[in-house]
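The values are calculated or read from the model by the stated rules, or taken from the named source; none is laboratory data. No experiment lies behind these values; they were computed from the predicted model shown. We place every Cβ from the backbone using ideal geometry, glycine too, and count neighbours over all the protein chains shown. Surface accessibility is based on the protein's heavy atoms, side chains included, excluding ligands, DNA and RNA. Shrake-Rupley method; radii C 1.70, N 1.55, O 1.52, S 1.80 Å.
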Amino acid sequence: MALKSTICVHHGTLKDKEYGGVVSPIYPSTSYGYLDTEDRLYPRYFNIPNQEVIEKKLAKLENAEAALLLSSGMAAISTTLLTFLKKGDHAVFQKGLYGGTFNLIGKELENFGIEYTVIQSNNIENFEKAIKANTQIVYIETPSNPLLGITNIKAVANLASSKGIISIIDNTFASPVNQNPVDHGINVVIHSATKYLGGHSDICAGIVVSSHKIINQIKNLGVNFGGSLNAITCYLLERSIKTLMVRVEKQNQNTKIIAEFLEKHSLVRKVFYPGLESHEGYDIAKKQMKGFGGMLTFEVKEIDLVMFQKKFKLISSSMSLGGVDTIVCAPTKTSHRNLNKEELLNEGINEFQLRMSVGIEDVEDIILDIEQAFK
Ligand SMILES: *Cc1c(COP(=O)(O)O)cnc(C)c1O
């Protein structure tokens, strides 16, 4: 049971000792006996059986020792950050963070007396320059949103470990299928399970993967913050992860074909996809990713993007990502709507860009839909 598809289907499954059913039973109890056991099971302690199924699966998929399942990606990110950052500490963040993470650090860290630096370009010299005597963590996200920027994982992990700093990555866009940062020396891997792990746009959850020691530290804070997940959603997530490999591999294939189609289209100015040789981060992506993922962004020439989207018959204009349905959203109207002109320019984002989360439909149908919308 060493390979990923098998892990997705089988690893961590709870045995149904009573009836011999093949899938994990659901244990919705919030009250468990204590007389004959040392275990004090309680959902908020992150130790009920259905939570542990997901934690075992993700730890194994990411080649790590342990994991902690939380109620959202942001619960995973905030609980992890505040585990390592205390009053007087400093953190280094890469440029191009998920909007929720950007808001969290901008709005909250100062209130906790925590300093931070968001670097201006993600080359390793800039990470190094930003590290101070009180820096505790360096935090990256690759591929990043919405322009699929690539950060060199190994370089950042090596830099952090040489300075005795914890390295953290948001691995949501790649999913554990396409990228395993622990193999490149990263200490902590975070996923919004709302995206590829859930995969059907109907579950909100988050997970942190790391060593036993670090997961215990995060869990201790998590118990106080209370961001655990209920057993029924855990079961739905388990069911989703069983098909993670087949879904993401299909999404990888579809996205490459769509990226190549768009790159040749006369009304498209630029395509951002790490699997295209024209992409700035292609060489590094090729080294650190096993597949290039299901996310791409394209920039159109002067056409009205609202009219364009209204013509779609199959593709829907909606937020979020990672589901089996192909969806698009304009970053300036959604994830980055709170940025001013200057900030948008600085991020390289403009109103002619459309981000696409490619689904598992037949790629011919997705392309037909795009083609007719351009007409
Ligand atoms: C969605 C997302 C998050 C936040 O996850 P939630 O489950 O919405 O809290 C964090 N990082 C990335 C890259 C995301 O796409």
One residue from ILE241, ILE207, ILE190 being assigned to a helix (DSSP H, G or I), open to solvent by less than 60 Å² (accessible area, probe 1.4 Å) and closer than 29 Å to MET356 by Cα: ILE241
Residue match in region 86-100 (condition: over 23 Å from ALA157 (Cα atoms), touching a helix residue (DSSP H, G or I) at 6+ places or on another chain (Cβ under 6 Å) and part of a helix (DSSP H, G or I)): yes
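A quick yes/no check of all residues on (1) closer than 13 Å to LEU58 by Cβ; (2) hydrophobic (A, V, I, L, M, F, W, C); (3) modelled with pLDDT under 95:
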{"position": "VAL177", "(1), (2), (3)": "yes, yes, no"}
{"position": "GLY185", "(1), (2), (3)": "no, no, no"}
{"position": "GLY198", "(1), (2), (3)": "yes, no, no"}
{"position": "ILE203", "(1), (2), (3)": "no, yes, no"}
{"position": "SER210", "(1), (2), (3)": "yes, no, no"}
{"position": "ILE218", "(1), (2), (3)": "no, yes, no"}
{"position": "GLY227", "(1), (2), (3)": "no, no, no"}
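Quick grid of which residues meet (1) modelled with pLDDT of 95 or more; (2) among the charged types (D, E, K, R); (3) open to solvent by 40 Å² or more (accessible area, probe 1.4 Å); (4) in a loop (DSSP other than H, G, I, E, B):
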| site | (1), (2), (3), (4) |
| --- | --- |
| ASN122 | no, no, yes, yes |
| GLN136 | yes, no, yes, no |
| ILE140 | yes, no, no, no |
| SER161 | yes, no, yes, no |
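Would it be correct to say that SER357 is away from the ligand (no atom under 16 Å from the Cβ) and of a type in the set (Gly, Ala, Ser)?
So SER357 fails the test.
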Options VAL246, VAL223; residue that is more than 14 Å from the ligand (Cβ to nearest atom), assigned to a helix (DSSP H, G or I), modelled with pLDDT of 95 or more and closer than 17 Å to LEU68 by Cα: VAL223
Qualifying residues in region 168-179 (those that are within 10 Å of the ligand (Cβ to nearest atom) and assigned to a loop (DSSP other than H, G, I, E, B)) - the one surrounded by the most Cβ atoms within 10 Å (Cβ to Cβ): ALA174
Residues of region 180-195 satisfying the condition of being more than 8 Å from GLY206 (Cα to Cα) and within 13 Å of the ligand (Cβ to nearest atom): VAL189, LYS195
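Could you grab me the full set of residues in region 244-268 that are aliphatic (A, V, I, L, M) and more than 21 Å from SER175 (Cβ to Cβ)? Can you show your working first?
First, pick out the residues of region 244-268 that are aliphatic (A, V, I, L, M): 244-246, 248, 257-259, 262, 267-268.
Scanning region 244-268 gives LEU262, LEU267, VAL268.
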Which listed residue, of SER72, SER24, SER31, SER5, is polar (S, T, N, Q), open to solvent by 40 Å² or more (accessible area, probe 1.4 Å) and in contact (Cβ under 8 Å) with a residue 24 or more places away in the chain: SER5
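One line per residue, one yes/no per condition, for (1) among the small types (Gly, Ala, Ser); (2) open to solvent by 10 Å² or more (accessible area, probe 1.4 Å):
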site: VAL53; (1), (2): no, no
site: LYS57; (1), (2): no, no
site: ALA66; (1), (2): yes, yes
site: LEU81; (1), (2): no, no
site: PHE102; (1), (2): no, yes
site: TYR116; (1), (2): no, yes
Lone unmet requirement of (1) away from the ligand (no atom under 16 Å from the Cβ); (2) more than 20 Å from GLU347 (Cβ to Cβ) for GLN120: (2)
Neighbours by Cβ (under 6 Å, 6+ apart or cross-chain): first from region 205-228, more than 15 Å from VAL188 (Cβ to Cβ) and of a type outside the set (A, V, I, L, M); second away from the ligand (no atom under 16 Å from the Cβ) and open to solvent by less than 10 Å² (accessible area, probe 1.4 Å): SER228/PHE46
Residue count for region 254-273, restricted to those that are in a helix (DSSP H, G or I) and either buried (at least 16 other Cβ atoms within 10 Å of the Cβ) or among the charged types (D, E, K, R) (or both): 10
Counted residues, region 101-121 - those being more than 14 Å from ILE140 (Cα to Cα) and not acidic (Asp, Glu): 9
